[in-house]
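Undergrad: Take a look at the following structure, please.
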Amino acid sequence: MPDLSLGLLFVLGLVLAAEFVNGWNDATNAIATVISTRVLSPTRAILMAVVFNILGAMSGTAVAATIGKGIVSPEAINLTTVAAALVAVVAWGGPASYLGLPISISHALLGGLAGAGVGTAGLHALQWAGWKKVFTGLFFSTLIGFAGGFLIMVAIYRLFAASRPSSVRRIFGKLQILSAAFMAFSHGSNDGQKFIGIFCLVLLLGGVLKTFMVPVWVILLCAVVMGLGTSIGGRKIVKTMGMRITKLEPVHGFAAETAAATTIEVASRLGIPLSTTHTITTAIMGVGATRRFSAVRWGVTRDIVTAWLLTFPVCGVLSWLVCKAIQWIS
């Protein structure tokens with residue numbers, strides 16, 4: 001194994017910092033509803049999220065491979081490129097998490113990679129095959145997330161039409177624990193793998209790996225760091241996701257989490273990187289819309305969607321600027 005230079009160690013540290021922000025912002029989405037419905041206390045929900053995020057991150061490498069070698073050509077970029085992308089992720093995702101604004105860390109990463117890749121090697125550094133999966137992920141995370149939440153909620157309404165509200169709450173209070181665990185697992189299987197892929201890309205660029213591969217120790221390290229981000233921060237994200245979009249009962253939380261987790265899990269197995277934030281948020285909107293259109297606080301969702309729309313271009317431009325600044329200094 002070649003010597004680890006200070007520059008390589010610094011970029012690897014940036015990967016872990018971005019993974020921490022990922023756990024702080026995105027991973028918290030997995031437990032927002034189960035906390036807001038008071039099915040689990042914040043402490044228990046966070047512990048569950050940490051465990052199942054780690055298990056999900058260890059469940060496959062398809063998304064990691066897409067991110068690591070399918071978005072920007074490894075041969076056309078260098079450590080400066082990746083560092084610029086990660087600076088953009090941390091600079092945009094950190095303040096958003098502190099303010100309780102759920103953004104897409106996935107889109108922050110993809111925008112950062114695109115901007116830095118173009119800044120380093122031009123447009124030819126971008127790989128269309130990987131970007132087709134990104135655009136497919138946009139479809140999965142928005143339309144399918146909303147439709148899934150809506151349809152599952154409609155089915156529950158029909159199946160339990162004759163049941164008393166107290167019975168429904170008791171049944172789904174137990175089932176929501178399972179759906180929240182499923183959501184946390186699916187988050188790890190998709191979002192957790194994104195920074196695993198970047199970590200391995202950095203090792204490849206630094207000469208530690210001869211070909212792109214995903215060692216087990218990288219999976220464990222990144223999964224644990226993501227879990228730390230979830231356990232330390234994220235309470236403001238929980239409030240926004242679980243309380244401000246629409247009023248949720250356990251049955252609504254179950255429907256939203258089941259729809260989102262199923263969508264994310266299918267995408268993960270196909271190697272499609274999508275936004276778990278978009279998926280769970282639109283699923284919550286779909287669930288809320290089954291009661292009445294006005295049950296969703298569209299003003300709150302407008303702010304969230306605005307942040308989504310800004311994430312990709314802001315991180316793309318920021319990473320391009322950082323990349324050019326590093327090149328100029330060098």
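The values are calculated or read from the model by the stated rules, or taken from the named source; none is laboratory data. These figures come from a predicted structure and were not determined experimentally. Ideal geometry is used to build each Cβ from the backbone, glycine not excepted, and the neighbour counts take in all protein chains shown.
Undergrad: In segment 132-153, which residues are among the β-branched types (Val, Ile, Thr) and at pLDDT 85 or above?
TA: Listed by number, the residues that qualify are 144, 152.
Undergrad: What is the one condition in (1) surrounded by 24 or more Cβ atoms within 10 Å (Cβ to Cβ); (2) among the β-branched types (Val, Ile, Thr); (3) under 17 Å from residue 130 (Cβ atoms) that residue 61 does not satisfy?
TA: In the conditions (1) surrounded by 24 or more Cβ atoms within 10 Å (Cβ to Cβ); (2) among the β-branched types (Val, Ile, Thr); (3) under 17 Å from residue 130 (Cβ atoms), residue 61 misses (1) alone.
Undergrad: Being surrounded by fewer than 21 Cβ atoms within 10 Å (Cβ to Cβ), of a type outside the set (D, E, K, R) and part of a helix (DSSP H, G or I) is the filter here, so list the residues in segment 119-133 that pass it.
TA: Within segment 119-133, 121, 123, 124, 128, 129, 131 qualify.
Undergrad: So which residues in segment 113-125 are closer than 11 Å to residue 71 by Cα and under 20 Å from the mean Cα position of the chain (by Cα), if there are any at all?
TA: 113, 114
Undergrad: Does segment 228-239 include one or more residues that are β-branched (Val, Ile, Thr), in contact with a Lys or Arg (Cβ under 6 Å, 6 or more places away or on another chain) and modelled with pLDDT under 85?
TA: no
Undergrad: Another question, if that's okay. When you look at residue 197, is it buried (at least 23 other Cβ atoms within 10 Å of the Cβ), within 30 Å of residue 14 (Cα to Cα) and not hydroxyl-bearing (Ser, Thr, Tyr), yes or no?
TA: yes
Undergrad: Suppose we keep only residues that are assigned to a loop (DSSP other than H, G, I, E, B) and in contact with a Ser or Thr (Cβ under 8 Å, 6 or more places away or on another chain) within segment 35-92. Which one would you say is modelled with the lowest pLDDT?
TA: 60
Undergrad: Let me ask something additional. In the set 169, 164, which member is basic (Lys, Arg), more than 19 Å from residue 262 (Cβ to Cβ) and free of Cβ contacts under 8 Å to residues at least 40 places away in the same chain?
TA: 164
Undergrad: Applying the selection to segment 93-106, what residues are of a type outside the set (Ser, Thr, Tyr), assigned to a helix (DSSP H, G or I) and more than 13 Å from residue 309 (Cα to Cα)?
TA: Residues satisfying the conditions are 93, 94, 95, 96.
Undergrad: To continue, here is another question. Note down all Cβ pairs under 8 Å where the first residue falls in segment 58-77 and is over 25 Å from residue 224 (Cβ atoms), the second is β-branched (Val, Ile, Thr), and they're at least six residues apart or on different chains.
TA: 72/81; 76/120; 77/120
Undergrad: Of the residues 267, 255, which is over 20 Å from residue 71 (Cβ atoms), under 21 Å from the mean Cα position of the chain (by Cα) and either modelled with pLDDT of 80 or more or surrounded by 24 or more Cβ atoms within 10 Å (Cβ to Cβ) (or both)?
TA: Every option except 255 fails the conditions.
Undergrad: Which residues, counting only those in segment 276-302, are hydroxyl-bearing (Ser, Thr, Tyr) and at pLDDT 80 or above?
TA: Matches in segment 276-302: 276, 279, 281, 282, 290.
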